[in-house]
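Since the structure comes first, as structure tokens, the remarks are kept for the end.
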Amino acid sequence: MFVSMWMTTDVMTTYPQALLADAAALMASRKIRRLPVMQSPNDPTLVGIVSATDVLHASPAKLNPFSTAADGLVATEHLRSDAITVGDVMTRNPLTVTPDMAIEAVAALMRDRKIGAFPVVRRDELLGLITESDVFRAFASVLQGSSGGARITFDISEGEDVFPLISELVQKHELRVDSLITLHRHDPPMCVVNVAGENIDAMLEDVWKSHHRVEHVHRHE
């Protein structure tokens, strides 16, 4: 899976000269947590990123500009009266990823750098934004199956190539594989396969007969 498959492409942006109060209002109205920062309204070169955390740090203590209560208005007016701009608080030259980057590589980068989102660029052109939520959706999709299907988890031996077994069983029982994962770093190693069709119980019996222990079966509604 690649970044291009899961990134958000309809991205709201801002620029360094914009008032931070306006950026905060845009985040609040769109219910988003960060905005890529372009060089100017007429120059789409990515120069930074501003987050809700940046806005909060620039606001008076104990006042939340994203609040719908009175303190939100007070905080926003403070940012506006002080003429604080996006450029004053943004992260300059942020880390970026490319659309062809593997989603697991992005997940590792988020974990290691403790960053919740990356602008997606190609030759300095902003194509989208990939966030933690997008990565979660990507990995969750691997374990989601079809309605009426099942997710079968069973143990395998260390280094075992389980694909021939799965291929044989789904053909024998006229099933479809929605996803297949082998977890060789798990102790014991496991195979997790999502299948769909009418003969799942028959496949389960054959998995047991193949001397694999079925650890869990989840039926998709």
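Bear in mind that the values in this text are calculations on the coordinates, not laboratory data. Since this is a predicted model, take the numbers as computed values, not measurements. Cβ coordinates were reconstructed from backbone atoms using ideal geometry, including for glycine residues, and neighbour counts include every protein chain displayed.
Has region 170-180 got at least one residue that is assigned to a helix (DSSP H, G or I) and in contact with a strand residue (DSSP E or B) (Cβ under 8 Å, 6 or more places away or on another chain)? Checked region 170-180: at least one residue is assigned to a helix (DSSP H, G or I) and in contact with a strand residue (DSSP E or B) (Cβ under 8 Å, 6 or more places away or on another chain). Close Cβ contacts (under 7 Å, 6 or more residues apart or on different chains) running from residues in region 90-101 that are within 13 Å of MET1 (Cβ to Cβ) to residues that are part of a strand (DSSP E or B) and of a type outside the set (A, V, I, L, M, F, W, C) comprise PRO99/ARG122. The residue of region 137-155 that is surrounded by the most Cβ atoms within 10 Å (Cβ to Cβ), among those that are within 13 Å of the chain's Cα centre (by Cα) and of a type in the set (A, V, I, L, M), is ALA138. Applying the selection to region 181-221, what residues are outside any helix (DSSP H, G or I), of a type in the set (D, E, K, R) and out of contact with any Phe, Trp or Tyr (no Cβ under 9 Å at 6 or more places or on another chain)? Residues satisfying the conditions are ARG185, ASP187, GLU198, ARG219, GLU221.
Sort out which residues of region 1-17 are aliphatic (A, V, I, L, M) and surrounded by fewer than 21 Cβ atoms within 10 Å (Cβ to Cβ), and write them in order of number. Reasoning before the result, please.
Just the residues of region 1-17 that are aliphatic (A, V, I, L, M), to begin with: 1, 3, 5, 7, 11-12.
Within region 1-17, MET1, MET5, VAL11, MET12 meet the criteria.
Within region 19-47, the residues that satisfy the criterion of being touching a Phe, Trp or Tyr at 6+ places or on another chain (Cβ under 9 Å) and closer than 19 Å to PRO94 by Cβ are ALA24, MET27, VAL37, MET38, GLN39, SER40, ASP43, VAL47. For region 120-136, the tally of residues that are surrounded by fewer than 13 Cβ atoms within 10 Å (Cβ to Cβ) and within 9 Å of the chain's Cα centre (by Cα) stands at 1.
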